[in-house]
Amino acid sequence: MIPSPLLAAASPSHTSLWMFLAFVAATLVITWFSARKSSGASAYFAAGRRITGWQNGLAVAGDYMSAASFLGIAGMIAMNGYDGFMYSVGFLVAYLTVLFIVAEPLRNAGKYTMADVLAYRLKPRPVRAAASVSTLTVSIFYMIAQMVGAGVLVQQLIPGVSYEIAVVGVGVLMVVYVVFGGMLATTWVQIIKAVLLIAGSMLLSVLVLQRYDFDLGKFFTSLTAISSTTADGQTVTRNFLTPGLIFTNPWDQISLGMALLLGTAGLPHILIRFYTVPDAKTARASVVWAMLIIGAFYIMTTFFGFGAASLLGPDHIAKHGGTNMAAPELARVLGGEIFFAFICAVAFATILAVVAGLTISASTSFAHDFFTNVIHHGREHRPGEEVRVARITAFVVGALAIVIAIILGPTVNVAFLVGLAFAVAASANLPVIVFSLFWKRFNTAGAVTGLTVGLLSSIVLILVSPDFMKDPLFPLKNPALASIPLGFLGAWLGTLLSKEQPDEAKFTEMQVRANTGLGSEKASAH
Amino acid sequence: MIARVCFYPRMSFPQGDRDYTPIVGSQTDVAPLGRGGPKPPHERTAEEEVDPRLWAVIAKDPDFTALVRGKMKLIVPATIFFIIYYFILPIGVGWFPQFMERKVWGDVNIAYLFALSQFFMAWILAGIYVAAAAGWDKKEHALLAKHGCGTKV
């Protein structure tokens, strides 16, 4: 344990505020440059397809690792040990699905959205409409979860800023990035965030290990007896390396694992990142870069998550901001006020990068799938119309998310919204992506039923889950265990029950495109 | 800048290499109607890049079917493997806690080491995939070149 004077709460300072402002200023400069550079739809939606492999890998990592990953998982490990670490494993393994199944075919056969691949050989309008509804659902629900989280956090991180101001601030910033800077600005915000997050985690990990003279054996031994006070005032000592301290129902873990493994490859804001690179080979390289970064990050949660448990103890964390503040509080104790401010700024950057990614995926899907292709049959009536609609959508989506986050307020339980996003992505989007890439017989009716059944079953099962009902009709917190099979079943039955004949020539074309990259969208010249 | 070249054959010049440049002031000084010729690369869209008849031709090429089969031969077993490997973790922790809590290295138990091994499993599988994919890239290149859609720097 560390000497007690160090544990005394430091006086609030404005260092973190200045660090936030520095980050915001840097991102606004990037947005300004992006806005000057980018013109045309491919520049706006796909950053001109000129992002390199390692850049896109960082951006995917930045798009993916939310505040729930950084603060939430660190807090879970700090309060209850091993289960939090186990929770993080699925987030990385999920990228194998992305690498093996979706990234390259998507890049080869699509243009701006996930629906491009689905619309290839199916009737474009119904499929795009359904895919757009599912994309907007995933993005907006996930965004609201992030905004509420952001409001709560910023309130804790910067003294004197209220929940409402924090929500409005985050909302306005994400809209500014997306409306003015498009995909290029969003990408760079995500890259900077990923670099900051990795740097912050490494520093934190080194500072923790320094306390144990860089002796891993000593570090792990310190975790075997962590004392904490229970709700009824008793002191218990637990081995934090023991599984099962939070998760008691193994089926919950299996269901969550399914949602992560299959849902990541169906998250629209991750999928559209693969359109920003010049070709499928670079898309592949970017998944590998993302896996290295995301994996390294989650392994480091061992050090700063367990480190917070052992150096601060759950009781100290509970007293100083609670579970979500475990990592910043550890930074304060180990590195002082400046390091605390830095980790807070990293958390803030994390939130902004994710919400910007969600905003651009929602607005791209609305403009490209719904406005241009469903309403206007795939034709732009005026040049630049698609981009203009996307900008307006980003503005509307941002405003909506701000209003909903403020109405819901800081006390609402948003964890289920994140679970819902992954469940919908896994149950609605992934079955349809897999069938349209690999099953020749698959048809429009199958795609529309698959998307609808996957979406509705996820939402309904969450509404009757333990998160919402005292006497739940469905016993699991995450619906994936039931809703993923239902999504596949819906897509399969919908196909078999319809008389529509599959377009074999188009399937052949898509197969050749997906596997060879022939005729794929190219990077812009400059 | 690498660009795929693979034009519509029917859009090439109908009369060989005849020069359509009109002689200034002559009676033929009008732009020929229906001027063919490949569009310059910057004007072509992805759709126009490829002769539509080529899809069926490539799909029937044994080299293409071998390429797709080769990919599946790695992707299918690797996917089954990582899904099983991943789910052993929650199943082991959930139903076989005594085994998972066994200490193997100092105070570190099987549960932690197995969770940690998942990261390396994912990285190793990704490495195997990337190595195999480099071979597929070469085959894909040769296949496209064979059909006149090679890449030009």
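No lab work stands behind these numbers, since they all come straight from the coordinates. This is a predicted model, so every value here is computed, not measured. Cβ placement follows ideal geometry from the backbone for every residue including glycine, while neighbour counts extend to all protein chains displayed.
Brief remarks on what is shown
- Going from the residue with the fewest nearby Cβ atoms within 10 Å to the one with the most, A:THR187, A:THR242 rank A:THR242, A:THR187.
- For A:LEU456, A:LEU261, B:LEU143, order by how many other beta-carbon atoms lie within 10 Å, fewest first: A:LEU456, B:LEU143, A:LEU261
- Spin-label zone in region A:416-456 - amide nitrogen under 20 Å from a point set 7 Å from the Cα of A:LEU463 along the C-beta vector: A:416-429, A:449-456
- Take each residue of peptide B:55-62, count the partner chain Cβ atoms within 10 Å of its Cβ, and average: the result is 4.
- Ranked list, fewest to most other Cβ atoms within 10 Å of each Cβ, for A:VAL133, A:VAL178: A:VAL133, A:VAL178
- Charging the Cβ of each Asp and Glu at -1 and of each Lys and Arg at +1, and nothing else, the dipole of region B:45-131 about its Cα centre rounds to 500 debye.
- The label-point distance for A:PHE33 and A:VAL403, in a model that sets each label 7 Å from Cα toward Cβ, rounds to 3.7 nm.
- On the basis of the beta-carbon distance and an R0 of 56 Å, A:GLU380 and A:ALA231 show a calculated FRET efficiency of 0.40.
- Lys/Arg +1, Asp/Glu -1 at C-beta; region B:53-148 dipole; positive extreme among B:ALA142, B:ASN109, B:ILE124: B:ALA142
- Averaged over A:242-250, number of beta-carbon atoms from partner chains that fall within 10 Å: 4
- Segments B:57-69, A:115-127, A:195-207, A:164-176 sorted - mean Cβ within 10 Å per residue, highest first: A:115-127, A:164-176, A:195-207, B:57-69
- Cα centroid separation - region A:63-89 against region A:158-229, whole Å: 12 Å
- Near B:ALA66: Cβ cut-off under 15 Å, other residues only, Lys/Arg at +1 and Asp/Glu at -1. The net charge is +3.
- Cα-projected label distance for A:LEU473 with B:ALA56, points at 7 Å along beta-carbon direction, nm: 5.1 nm
- Virtual spin-label span in nm between B:ILE80 and B:LEU113, 7 Å along Cα→Cβ: 2.8 nm
- Cα Rg over Rh - chain A, Kirkwood: 0.98
- Most tightly packed first, judged by the mean number of other beta-carbon atoms within 10 Å of their residues, the peptides A:384-397, A:23-36 read A:384-397, A:23-36.
- Pairwise FRET efficiency - A:LEU21 versus A:ILE392, Cβ, R0 = 22 Å, nearest 0.05: 0.15
- Other protein chain C-beta atoms within 10 Å of residue C-beta, averaged over B:106-119: 6.
- Alpha-carbon Rg/Rh ratio, for region A:254-332, with Rh computed the Kirkwood way: 1.14
- Per-selection metrics, region B:53-148 (Cα): Rg and Dmax in Å: 20.5, 66
- Extension gain, A:ARG441-A:LYS218: 0.36 nm per intervening residue step, less the Cα-Cα distance, totals 74.4 nm.
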